[in-house]
Amino acid sequence: MSKWPTMLCAALLLVGPAARAQTDDAAESCATLAQFGAFDTRATTTDADRTESFRNWFCQANIAAESDLHIAAGTLGISADVLETKFGFDPNGGADFLEWKHALCATSHSDPTVADHFAEFANGIVPVATKALAACDMPPGLHARLETTADPCEVLVRFGLTPAPGLTAPKDVQLIATNPHLVCKPAALDAPFAVTGPTDLLCTRHDDTAMVLMVSSPQAHVTRLDRLMELPQVLPDPQTLLAGEYLVDIAWRDHTGRTIPPTTDTWKLDLSTGVCRITGSGTAYSPRSAWFNQAAAMCSPTQITFTGYRTFDPATRKASQFTLTLRSEDNGATFTGSGSDSNGNVALLATARHKGAAGPTDQQVCK
């Protein structure tokens, strides 16, 4: 395998004269597919399953920057510009790509508008993606790729063999993972099996620990160092991660410029409907309390952006609107930020601490 990239998604090649006819460009394209993976395009999969599989690909693949999206989408034959437009990311608007991706993935399960966008987009590009995947299966040799499924705890590892003179079907193919708790069938992890045609292994995670999947086949000159792809951690469900009560401390400077004692309130976050709902239980009608009606909010493990209305602010004898932007660096255990209201009061520092667990465990068991 010295002439070829160490691991090609859908292009693990058996060494032979016909295999060497593959162009470097095709090899590079399929290697990129190995890096970012693909989504399940099987004809037996329902539209709903394909849609959720595409969502899982988009949300779980190692796509952490806009440039990664362009590379991954281009390999699957998808226009990244169309994808960005469809889902509302403006590369010229100053938004952070990873924050936008997390926020989108946090709402896609239950927000009907986002879910419809995913369904329309995924079903429209299945033929294009299928054609792109088929192109990687054409060169003679052993092929392997990883696809996400409708279940974020399951992955599909698809093997195939494109015959050619002088190529022998391998009987010693093994799938290896850095997470020993991965369960695969019909062939078990590390168990040798033969690939004489299309062969699928369905693998189930025990937990969400990030792992690397590799393929070994000495007969095909493929070693266990040949990486299929890194399978990142499952993005946590926002309701499980963020829902519950937060102790909120806000240090204020009022409309006259005076710094006043901080307020302490309890806020409750609920994302069960797919929309972030924040309610407060501060002292009724006290200045700068959390006694408010929510106008809008967006919640993700990295940021809460919130707008609310007070029915009356005794300090200014007016109703007021206030906004807060809070960021988290520990997956939602603690948020900090600042904001202001329409009456000139400024929240110099706002801290929201989750009253539940200190944060998610390193290994969350798949359910």
### Query
If you check Ala187, Ala164, which single one turns out to be without any contact (Cβ under 8 Å) to a residue 40 or more places away in the chain and more than 25 Å from Asn62 (Cα to Cα)?
Ala187
### Query
What number goes with the only condition from (1) modelled with pLDDT under 80; (2) closer than 20 Å to Ala132 by Cβ; (3) surrounded by fewer than 18 Cβ atoms within 10 Å (Cβ to Cβ); (4) not aliphatic (A, V, I, L, M) that Gly93 does not pass?
(2)
### Summary
Residues of segment 75-106 being assigned to a helix (DSSP H, G or I) and among the charged types (D, E, K, R), in sequence order, are Asp81, Glu84, Lys86, Glu99, Lys101
### Task
Would you point out which residue out of Asp265, Asp254, Asp270 is modelled with pLDDT of 70 or more and closer than 30 Å to Asp151 by Cβ?
Asp270
### Query
Considering only residues of segment 273-294 that are among the aliphatic types (A, V, I, L, M) and part of a loop (DSSP other than H, G, I, E, B), which is modelled with the lowest pLDDT?
Ala284
### Subset of segment 96-128 that is farther than 20 Å from Thr41 by Cβ and in contact with a Ser or Thr (Cβ under 7 Å, 6 or more places away or on another chain) - its residue that is surrounded by the most Cβ atoms within 10 Å (Cβ to Cβ)
Ala106
### Query
What residue, of Leu247, Leu241, is part of a strand (DSSP E or B) and either within 17 Å of the chain's Cα centre (by Cα) or surrounded by fewer than 17 Cβ atoms within 10 Å (Cβ to Cβ) (or both)?
Leu247
#### Entry: For Val248: the one exception among (1) within 22 Å of Thr148 (Cα to Cα); (2) in contact with a Phe, Trp or Tyr (Cβ under 8 Å, 6 or more places away or on another chain); (3) not hydroxyl-bearing (Ser, Thr, Tyr)
(1)
### Query
Is it the case that Ala315 is among the aliphatic types (A, V, I, L, M) and either modelled with pLDDT of 90 or more or assigned to a strand (DSSP E or B) (or both)?
no
### Query
Name the residues in segment 66-86 that are within 20 Å of Thr148 (Cα to Cα) and either of a type in the set (Phe, Trp, Tyr) or under 17 Å from the mean Cα position of the chain (by Cα) (or both), would you?
Asp68, Leu69, His70, Ile71, Ala72, Ala73, Ala80, Leu83
### Task
Collect the residues in segment 75-97 that are of a type in the set (A, V, I, L, M, F, W, C) and free of Cβ contacts under 8 Å to residues at least 40 places away in the same chain, keeping them in residue-number order.
Ala80, Val82, Leu83, Phe87, Phe89, Ala95, Phe97
### Query
Going by the conditions given, is Ala72 in contact (Cβ under 8 Å) with a residue 12 or more places away in the chain, under 22 Å from Gln35 (Cα atoms), assigned to a helix (DSSP H, G or I) and touching a helix residue (DSSP H, G or I) at 6+ places or on another chain (Cβ under 6 Å)?
yes
### Task
Go through Leu133, Leu104 for me and flag whichever is assigned by TED's automatic domain parsing to the domain that holds Phe36, in contact (Cβ under 8 Å) with a residue 60 or more places away in the chain and under 22 Å from the mean Cα position of the chain (by Cα).
Leu133
### Query
Does Thr148 meet the test of being among the hydroxyl-bearing types (Ser, Thr, Tyr), touching a helix residue (DSSP H, G or I) at 6+ places or on another chain (Cβ under 9 Å) and on the phi < 0 side of the Ramachandran plot?
yes
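The values are calculated or read from the model by the stated rules, or taken from the named source; none is laboratory data. All of these numbers come straight from a predicted model, not from anything done at the bench. All Cβ positions, glycine included, derive from the backbone under ideal geometry; neighbour counts span all protein chains shown.
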